[in-house]
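Notes follow once the structure below has been shown.
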Amino acid sequence: MTEQANIKKVSIIRRSYDWVMHWADTRFGTQALAILAFAESSFFPVPPDVLLIGLNLGKPKKAFYYAFICSLFSVLGGMLGYFIGTMLWQVVSGFFFSYIPGFTPAIFAKVQAMYLEYGFFAVLIAGFTPIPYKVFTIASGVFALNFPLFVLASAISRSLRFFIVSTLIYFFGETIKKYIDKYFNILSFVFVVLIVLGFLLIKLF
């Protein structure tokens, strides 16, 4: 990929991030969160966590409600991603690889390897990894993962992710926000390691 294309992708993400954050200060914040969570699971570049955090800080008492909305619409959006992978991938793959940040042939190949080895657990873990979730939802359709299992894994992983974020904001507020922003990927990685160790223990015993 050319340097100009990389700069273009970064610019798209920056503008999208700023646009997302402004909804936290409007009366349409909840609706925007639902739309963002839905869109991010299949094509939008900015994860809903940023708006979820903004809304939680504005109205901490509604933190768990926001987490529920975010989880529900993220799973519904994941179903759209699954459909894209199942029915439209041959037509739209070039567009995704060229214009959707985080969607590259190399990452898609890594996800394919994860599916071949882990299947259901690849989606379960995907909700916490730095790899964009949309890659996994579309890959689930492309590689024909069992649909009910896909929905179950999506519901578990996305709910855990968003409810953890909302719980931290609910109890620690602004104090924890800067740590979530700075160390989210590290925290996600640690959580994934714990999940994997848990599966290994179950398998051994």
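Just checking, which of Ile13, Ile53, Ile107, Ile69 is modelled with pLDDT under 85, under 28 Å from Phe147 (Cβ atoms) and of a type in the set (A, V, I, L, M)?
Ile107 is the lone residue from the list that is modelled with pLDDT under 85, under 28 Å from Phe147 (Cβ atoms) and of a type in the set (A, V, I, L, M).
With the condition being small (Gly, Ala, Ser), surrounded by fewer than 17 Cβ atoms within 10 Å (Cβ to Cβ) and out of contact with any helix residue (DSSP H, G or I) (no Cβ under 9 Å at 6 or more places or on another chain), I'd like the helices (runs of 4 or more DSSP H) fully within the stretch 51-161 carrying at least 1 qualifying residues.
89-99, 105-118
Just checking, how many residues over the stretch 45-90 are of a type in the set (Phe, Trp, Tyr) and closer than 16 Å to Ala126 by Cβ?
The qualifying residues number 1.
The values are calculated or read from the model by the stated rules, or taken from the named source; none is laboratory data. Keep in mind it's a predicted model, so treat the numbers as computed, not measured. Note: ideal-geometry Cβ built from the backbone for every residue, glycine included; neighbour counts use all protein chains shown.
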